[in-house]
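Following: one structure in structure tokens, then a few remarks.
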Amino acid sequence: VGLAEGIGTTKNLPESKEWVLRIKRGAQRGAPAHQLSFARLCERGLFVTPDAALAATLYQTAALRGDADAVRALASQYRDGRGVARNLRLAYCWLDYAARRGDGEAKRMAEAILKKWPIPERAQAKKLSLAFHPVDGLQK
């Protein structure tokens, strides 16, 4: 992205396209860092056709491997309904899961979602989140 936009380096579109192909191949091989990078490209439509559903799938794979950035990105997609059905409870569960593992940004995002609900629903969401297991959560 930096090469394409000239961020921190000289703008170089041909080299950018080569890096995108490398990232895509790495993602297809299952490399977590490449999956996260390719998901971002898919979500933003940079050098590839925008595909929020593919981005969600790639974020999900990386999130299951414990990548905090991927967890937050996936939760944002559930929160906003980009590439997946909008599901605030599932977004909250993913974020709370990451927050309980020390991710401060996920904690802030989870609290923002929680504040939107009436108090009885907050208690229900917290209870649901404590029982949340990411593999189970992906199937809902």
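Can I get the semi-axes of the chain's equivalent ellipsoid? Compute them from the C-alpha gyration tensor as square roots of 5 times the eigenvalues, in angstrom, largest first.
Equivalent-ellipsoid dimensions as semi-axes: 32, 15, 13 Å.
Spin-label point model (7 Å from Cα, Cβ direction): what's the residue 131 to residue 10 distance in nm?
Spacing of the two 7 Å Cα→Cβ label points: 6.0 nm.
Taking the chain, how many lysine pairs are there with alpha carbons less than 19 Å apart, if each pair must be eight or more places apart or span two chains?
For the chain, qualifying lysine pairs total 10.
Measuring from label point to label point, each 7 Å out along Cα→Cβ, what is the residue 117 to residue 64 span in nm?
Each label point is offset 7 Å from its Cα along the Cβ direction, giving 2.5 nm.
Can you tell me the relative contact order of the stretch 28-121? Whole percent, Cα pairs under 8 Å, sequence separation 6 or more.
Values: 114 pairs, mean separation 16.2, N = 94.
With pairs under 8 Å counted, the relative contact order is 17 percent.
Is it possible to state the helix-based mean residue ellipticity at 222 nm for the chain, with each DSSP H run of 4+ residues giving -39500 (n - 2.57), the sum divided by total residues, to the nearest 500 deg cm²/dmol? What is it? Don't jump to the answer; show the numbers that get you there.
Numbers: 9 runs with 101 residues, N = 140.
Calculated at 222 nm, the ellipticity per residue is -22000 deg cm²/dmol.
Tell me the carbon and sulfur percent of the accessible area for the chain, rounded to whole percent, probe radius 1.4 Å.
Details: 4250 of 7990 Å².
Carbon-and-sulfur percentage of accessible area, whole number: 53.
Short version: what are the Cα gyration tensor semi-axes of the stretch 4-82, square root of 5 times each eigenvalue, largest first, in whole Å? Let's see the in-between values first.
Numbers: eigenvalues 99, 38, 25 Å².
Value: 22, 14, 11 Å, ordered largest first.
Compute the angle between helix 104-114 and the longest alpha-carbon principal axis of the chain, please, reported from 0 to 90 degrees and rounded to the nearest 10.
Result, in degrees: 50.
The values are calculated or read from the model by the stated rules, or taken from the named source; none is laboratory data. The structure displayed is predicted, hence computed values, not measured ones. FYI the Cβ positions are ideal-geometry reconstructions off the backbone, even for glycines, and counts take in every protein chain you see. The protein model used for the area step is the full one, side chains on, heavy atoms only, and it has no ligands, DNA or RNA in it. Shrake-Rupley method; radii C 1.70, N 1.55, O 1.52, S 1.80 Å.
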